[in-house]
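Chemist: Let me begin by handing over the structure; questions about it come next.
Every read-out reported here was derived from the displayed coordinates using simple, explicitly stated rules and does not represent laboratory data. Please read all numbers here as calculations on a predicted model, not as lab measurements. A quick note on method: Cβ atoms are made from the backbone with ideal geometry, for glycine too, and the neighbour counts reach across all protein chains shown.
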């Protein structure tokens, strides 16, 4: 019996000295996007802005446009509405409602106001954190004639952790669009 205990002790001693097996976590792809130069777009619509050279612009009906980012499989949908009569309140309500409809899946919605009294551009950027369908929305207006709303959507499941690098990149592009937006002067 003593020999059996001694043998078990020796076996336990040798097996305890082995290196511990550690399972490595699966690697995550690190996505980095280069900032391209920005170019001013000009159309027959009553506004212009600068667009990232890595994006493409598709004009839709009226003055609605899509800014697509093929490398990220993302699209910024821009919808223009003229202010007519007293419809500014309803346009603002619709833009805010569109954003806050995502509170079901959003962890947090951050608001960043935009006030540019020199160029008559006022608006709000909404940054939606979480697994919502969109992670960035905004609107800009001059409060008298023009109203533009935009939303970023990805052609992928809204897994916020996975698409976060692209979300951050596109939020900067949306900021650039808001900062460079200019209303065109009307010709009499």
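Chemist: Per residue, how much space in cubic angstrom lies within the convex hull of the C-alpha atoms of the stretch 119-188? Walk me through the numbers on the way to the answer.
Modeler: Details: hull volume 6.2 nm³, N = 70.
Each residue corresponds to 88 Å³ of Cα convex hull volume.
Chemist: Turning to a different aspect of this structure: With all distinct Cα pairs included, what does the Kirkwood hydrodynamic radius of the stretch 48-183 come out to in Å, to one decimal, could you say?
Modeler: Result for the stretch 48-183, one decimal place: 15.2 Å.
Chemist: May I pose another question? What is the calculated FRET efficiency for residue 89 to residue 184, with r their C-beta to C-beta distance and R₀ = 30 Å, to the nearest 0.05?
Modeler: Numbers: r = 24 Å, r/R0 = 0.81.
Efficiency for this residue pair is about 0.80.
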